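S.K.: Below is one structure. I have some questions about it.
Values quoted throughout were computed directly from the atomic coordinates according to the rules given, and no laboratory measurement underlies them. It should be emphasised that the depicted structure is a prediction, and the values quoted were computed from it without experimental measurement. Note that we place each Cβ from the backbone using ideal geometry, even for glycine, and neighbour counts take in every protein chain shown.
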Amino acid sequence: MIHLAHVTKTFGATRAVDDVSLAIARGEIVALVGENGAGKTTLMRVAAGELAADAGTLAREGRAELVHQHFMLVNELTIAENLALTHPGFRFTTRRGIEREAEAAIAASGIELRGVARRVAELSVGERSKLELIKAIARRPATLILDEPTSVLTPAETEELFRVMRRLAGEGTAVVFISHKLPEVFAVAQRIVVMRNGRVVAESMAQDTNAQSLANAMVDRATAQPRDRATGRAGGEIVAIVGVAGNGQTELAARLRDEQPGAAHIPEDRTRDGIVAELTIAENLALRNARWRPREARAHAERMIARYSIRARGPLQRAGDLSGGNQQKVILARELERTRCHPERSEEASRPTRAPGPSLTLGMTPQIVAAEPTRGLDIEATRFVHEQLRAEAANGASILLITSDLDEAFALADAIQVIYRGRLSERLTPAEAAEQIGRLMAGVA
Amino acid sequence: MSRLLSAVLAAVAAVLLLAATAALFGHSPLALLSILVRSSVGSRFAIEGTLLKSVPLLLTGLSVVIAFRAGVWNIGGEGQFIVGALAALAASRFGVVASLLAAMLAGAAWASIASAMRLWRNAPEVLTTILLNFTAIHLLGWSVNGPLRERAAQYPQTDLAAAALPPLASGIHSGVLLALAASVATWWMLYRTMEGLRLRATGFNPFAARWAGIRVGSQLARAMAISGAVAGLAGGIELLGVTHRLFERFAAGYGYSGIAVALLAQLHPLATIASAFFFGALVTGAGELQRTADISAGVATFGQAVVILLLIVFDHVRSTR
C-alpha cells in the first residue's frame, strides 16, 4: 500500500525524519512508536501526502487517510454536516439527507456515535475523536493512519477502536497506529516500528519482542521502574478524580478555574486551552505575570527550558512549533512556577470548593488542578510530569488530578474519587478504589 | 513567502494592476504611472499632500491593528473618526490638547457601545460597529444642517474650530508627529506591556487566554476602547490640522481605509507607517489622475481592494506551504 524509501524531512535546523525506509502492506496493522518529537507524525504526514519529503521517494497505492491527533473539525457545524463536508464534488441535498447519510456512514464504520444533529462544539473530546475516525473511514482509504487515537478514549472505547481496526485490516486496509502506550500496541499491532530522533531504530513482529525492549529502543536506556510512594510529605496530597470521559470532568476543571483563580491550572485540551501557539515560549510563560519585561522573560524562559528539559531552539521559538509533550512542559512550567512563587496561595484559596454535582463537595482546596496532564505524552515526558506532581505534593501542595488514565491515578493518588454524571463519589483509598472503581465508573450503585 | 515580501508584492502588484486596467480603457499605463508617482512623491508639494492624507490613514490603521490583534472586529473606524471630530470641535475652545483628548474619549465611548452590546446581548461587533458608522454619519449630517450649522448659514458646514494644530512647515501640521508618536506608542503597548501581551494572547487564542487567568471579556472591551480612541484621535487631528470645520463628507472613508492600511502592514504598528504612506500616495495620485487624465479618483479604492485581495491570496499560499 505504502512504500517509503530513504525519506528525509527537515524543518529549519531540525531533521524531523532522517533517511527512513518503511513499507506497509495491505491488511497489516503496524504500530509506530517513539517519544514525542521522534518524527512519527511527520513521517506519516509524508506518507499521507500532506507534506512533501525533502529527499527520498514515496510510492502509494490508493488513498491514505491520516487521522490527526489534533481535531480537524468545524466546531460550528453538526456531526452530519462535518461528515457531508468530506463528500467530493457538487450536489444538492437537504439537512435530512445529510443526516441520513451520516447515520449510514457511522453504522458502516462500526463506531458508535449518536445524535448526528449535535454541533461539534458540544461534543466531548472522545466523541470528536470518534467523529474524526468515522470521517476517515467513510472515505474508504487503502491506508488508514491513526495518530494517538486512544489518548482521549475510555478503555471500552479503545476496545471498540481496536475491533474496528482489526475489521478494516481484515478487509484489506493497511492500518498504521501511532502510539505511546505499549500494552495497546501489543494488543492490536502485528508489526511494531520504533522511531527515535527521526530514524527507525527497531522493527519487529509483535510476537518477537516485548515491552521492555521496545521501551529501551524508544528512549535509548532502560526506563526506570515506577518508584515507591514518596515518603515524608507534610500536608501535601494528590487526589485523583477518575471516570469515563464526559461525566463532568471538563466542567469540574472549568469551574475550578473560575472559582480558584489563585491555583495552578493545567487544562485538559492543551492545544486549545493551554498554549497560545502564535506566541513565543517566553511570552506563553509570562502570561500569568504582573508585568511584561521581554529581557527578564527571555532569561526566565531559558531557565525554564533547562529546568523542565523542554526541547526547543530557544525562548523565542513559537510555542505552536513544539511537539505536544514539550508544549505540556511549557504549561507546567508556567503554572507550577507560579504557585511556587506565591507561598501565600493557600490563604488565597481557602474557600471550600463545590463540585459540579448538586450535593457533593471536594474534600480539599486544590492548589494545583491538573486535568489529563499526560494525555498523548510519551514515556519520558509522562514520567517527567509525574515527578513534578509528586515533588509538588512532597512540598506540601494539595493537587487535584483529573484523569481518565486509571494507571496514572493509581500511580500518583493518595485518594481517589469517581465522577459519574457530574457527581463525585466518597473519597476512597487506592485500595478501596481498586475494588469499587469499575462499579462506580459505570454508575452501578 | 515572508510577510514583508507578500506585503510589498501586494502593493506593487496593486499599482501595476491599476495601470493595466487603465490601459484597457485606452490610457497609456506608463503615462498614468508617471502621473501617479509625480503627483504623490515627485515634489515637495506632492509629498506634503501625501503626508496630509497619510496622517488619518496611519491613525485609523493603528486603530484597526489594535482591534484585530485582540481579535475584535472593529469595522467602526469611520464612526469613531466622526464622533472624535465632533467632540474635538466641541472642546476646541479649551485648546488643542483638551480638544484631542475629547476626540479620543468620544471615539472610545462610541466603540464601547459595541462592546456593551456584545457583553449584554452577544451582538457581533462586526455588525454593531458598522451600524454605529451609519449612526455617526447621520449624526454628523444632522449636526451640520442643524444645531452646528455655521452662523452665516450659507453652507451645510460648521464654523471654524476655535483651535488648530500648529503648523510644522508650510502646509504640514504637527499632527504628523502625533501620528508617528502614536505608532511607536502602539508598538510599545502591544510588545512591551503586559496589557499588550494579554491583548495579543486573547486575539490569538481566547480559550488559552482564559485558562491563563485573563478576563477575556474585559480585555476585549479595553482593546475596543483603545482602538476607538485612536480612531477618534484621527478625526480630531483631521479637524484641527486639515479641514478646521466639519461638513457631511468629512470622514471621506478614512475609517474603512484603515482596514486596508492595517492589513497591508500585516497588523504591525511600525509597518503601518509605510503602509499608510503608500495608501496616502495612492489617494493623492488618484486625485491628480482625476484632474489631468479624467480617471475617477475612485481608483484609489480599487487599489485598496486589490491589495486586500492579493494579501488574502498570498496568506493562503503561505499557509498551505
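S.K.: Place +1 on the Cβ of every Lys and Arg and -1 on the Cβ of every Asp and Glu in the protein assembly as shown, take the dipole about the Cα centre, and give the residue among A:Ser425, A:Ala25, A:Ser309 whose Cα lies farthest towards its positive end.
M.R.: A:Ser309
S.K.: Cα axis of helix A:430-442 to longest principal axis of chain A: angle in degrees, 0 to 90, nearest 10?
M.R.: 50
S.K.: Out of the DSSP beta bridges found with both residues in the protein assembly as shown, what percent are antiparallel (nearest 5)?
M.R.: Working: 27 of 63 bridges.
Roughly 45 percent of the DSSP beta bridges within the protein assembly as shown come out antiparallel.
S.K.: Another question, then. Does anyone have the angle between helix A:155-170 and the longest principal axis of chain A? Alpha-carbon axes, 0 to 90°, nearest 10?
M.R.: 10
S.K.: Test of understanding: ordering A:Arg375, A:Arg423 by Cβ neighbours within 10 Å, fewest first, what list do you get?
M.R.: By the 10 Å Cβ count, ascending: A:Arg423, A:Arg375.
S.K.: Most mobile of B:Phe279, B:Phe250, B:Phe45 per a Gaussian network model of chain B (Cα springs, under 10 Å)?
M.R.: Among B:Phe279, B:Phe250, B:Phe45, the largest mean-square fluctuation in the Gaussian network model of chain B belongs to B:Phe45.
S.K.: Sticking with this one: Percent relative contact order of chain A, based on C-alpha pairs within less than 8 angstrom and at least six residues apart?
M.R.: 17
S.K.: Quick check: the angle from helix A:294-307's long axis to the longest principal axis of chain A, C-alpha only, nearest 10 degrees?
M.R.: Roughly 80 degrees, rounded to the nearest 10.
S.K.: Can you grab the distance from the C-alpha centre of the stretch A:277-297 to the C-alpha centre of the stretch B:196-264, Å, no decimals?
M.R.: Their Cα centres are 24 Å away from one another.
S.K.: What lysines does A:Lys135 reach when the alpha-carbon gap must be under 23 Å and sequence neighbours fewer than 8 apart in one chain are set aside?
M.R.: Partners within reach: A:Lys40.
S.K.: With unit charges on the beta carbons (Lys and Arg positive, Asp and Glu negative) and the dipole taken about the Cα centre of the protein assembly as shown, which residue among A:Thr94, B:Gly203, B:Gly76 sits farthest to the positive side?
M.R.: B:Gly76
S.K.: Continuing with the same structure: Taking neighbour counts of Cβ atoms within 10 Å as a proxy for exposure, in what order, fewest first, do B:Ile172, A:Ile416, A:Ile192 appear?
M.R.: The fewest-first ordering by Cβ neighbours comes to B:Ile172, A:Ile192, A:Ile416.
S.K.: As a check on your grasp of the helix formula, calculate [θ] at 222 nm for chain B: sum -39500 (n - 2.57) over DSSP H runs of n ≥ 4, divide by the residue count, round to the nearest 500.
M.R.: Dividing the helical sum by the residues of chain B leaves -25000 deg cm²/dmol.
S.K.: Quick one: grab the alpha carbon gyration tensor of the stretch B:3-319, order the square roots of its eigenvalues as a ≥ b ≥ c, and give me rounded if a/c is under 1.5, else prolate or oblate depending on whether a/b is larger than b/c. Please list the in-between numbers first.
M.R.: Working: a/c = 1.72, a/b = 1.10, b/c = 1.56.
Oblate shape, in that a/c is at least 1.5 and b/c is the bigger or equal ratio.
S.K.: How crowded by other chains is B:212-220, given as the mean number of beta carbons from other chains within 10 Å of each beta carbon?
M.R.: Mean shielding count: 3.
S.K.: Also: Determine the distance separating the Cα centre of the stretch B:89-165 from the Cα centre of the stretch A:237-260; give it in Å without decimals.
M.R.: Centre-to-centre (Cα) distance: 49 Å.
S.K.: Same structure, new question: Hey, what did the stretch A:2-219 get for relative contact order, percent, Cα under 8 Å, at least 6 apart?
M.R.: That works out to 31 percent.
S.K.: Let me ask something else about it. Enter the mean number of other protein chain beta carbons within 10 Å of the beta carbon of each residue in B:201-209, as an integer.
M.R.: Counting other chains' Cβ atoms within 10 Å and averaging over B:201-209 gives 6.
S.K.: Among A:203-209, A:398-404, A:275-281, how do they line up by average Cβ neighbours within 10 Å per residue, starting with the highest?
M.R.: Put in order of decreasing packing, that is A:398-404, A:275-281, A:203-209.
S.K.: Another question, if that's okay. Among B:127-135, B:73-81, A:430-438, how do they line up by average Cβ neighbours within 10 Å per residue, starting with the highest?
M.R.: B:73-81, B:127-135, A:430-438
S.K.: Then there is this: With all pairs of different alpha carbon atoms counted, what Kirkwood hydrodynamic radius in Å does chain A show?
M.R.: That comes to 23.2 Å for chain A.
S.K.: Treat the count of other C-beta atoms within 10 Å as a stand-in for reagent exposure and order A:Val74, B:Val65, A:Val418 from fewest to most. The partial results should precede the final answer.
M.R.: Numbers: A:Val74 13, B:Val65 28, A:Val418 25.
With the fewest neighbours first, A:Val74, B:Val65, A:Val418 line up as A:Val74, A:Val418, B:Val65.
S.K.: Relative contact order, percent, of the stretch B:3-319 when contacts are C-alpha pairs under 8 Å separated by at least 6 residues?
M.R.: 35
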